[in-house]
Amino acid sequence: MNWQSTSESSEVTALLHAWRSGDEGAIERLMPLVYHHLRAQARRYVRYERDGLTLQGTALVHEAFLRLAEGRAVDWRDRSHFYAVASQVMRRILVDAARARAAAKRGGGPDGAVRAAVDVETIEAGRERTAQEISALDDALEALARMDPRRARVVELRYFGGLSVEETADALSVSPKTVMRDWQLAKAWLMRELRR
C-alpha cells in the first residue's frame, strides 16, 4: 500500500530529478508534496519522547528539510528513496538532540558514555523513550549496520522513520515478508546487544 497516489509519486520523483539537475525551483515545488508525510513521520516519533524534548514535530521537519536541501548532490532515485534519506536525517537530528540532553544532565560528560536498560518496547513504537535510550539504541544500531546494513535500515525506517512494513518494503525494494523477518531478527540482535 502506497502512502501517495501514483500521480503524486511520479511528480515527487520528477521534482527530485529536476532538483538534482540544478532546478532551484524544484525544491520549492517539492516541499508541499512531501511536507504532510514528513510531518506525520516526525509527529509519530516525537510524541513518545520525554526528558525535556525541545524539538517538536514541525521543528524536526523544518530542520530535516534544511539539511535535505543542502543535499542536491544526492542521486535521488524516487520518492521512496527521498523518504528513506529523510528518515536518516531525522534520526541524526533526534539522536544528536538526545545526546546533547544527556550530556547536559551529566554536566557535559563524554558522549556515548550512558548505557540504559532498554527493553523490547523501546524498539517498538508506542512508549516514551529517554535520551539515554535513544543514544544507546543509536550506538547498537551503528554496530548492526556494520554487520547487516539492510536490517539496520529496516529498524531505522520503522523506528526512527515511523514507516509501516509496506512503506519500508517499498523504500528498500524488498517484500513485506522480508521486512518482517529482518525486523524480528534485528530486534532480537539489538536486544541482546543492549542488555550487555
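The values are calculated or read from the model by the stated rules, or taken from the named source; none is laboratory data. Worth saying up front: this structure is predicted, and the values here are computed from it rather than measured. Backbone-built Cβ (ideal geometry, glycine too); neighbour counts: all protein chains shown.
Computed values, structure above
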item: In segment 157-196, residue farthest from residue 78 (Cα to Cα) [restricted to those that are in a helix (DSSP H, G or I) and among the polar types (S, T, N, Q)]; result: 184
item: Selected residue (only one of 183, 189 is within 26 Å of residue 37 (Cβ to Cβ), at pLDDT 90 or above and among the aromatic types (Phe, Trp, Tyr)); result: 183
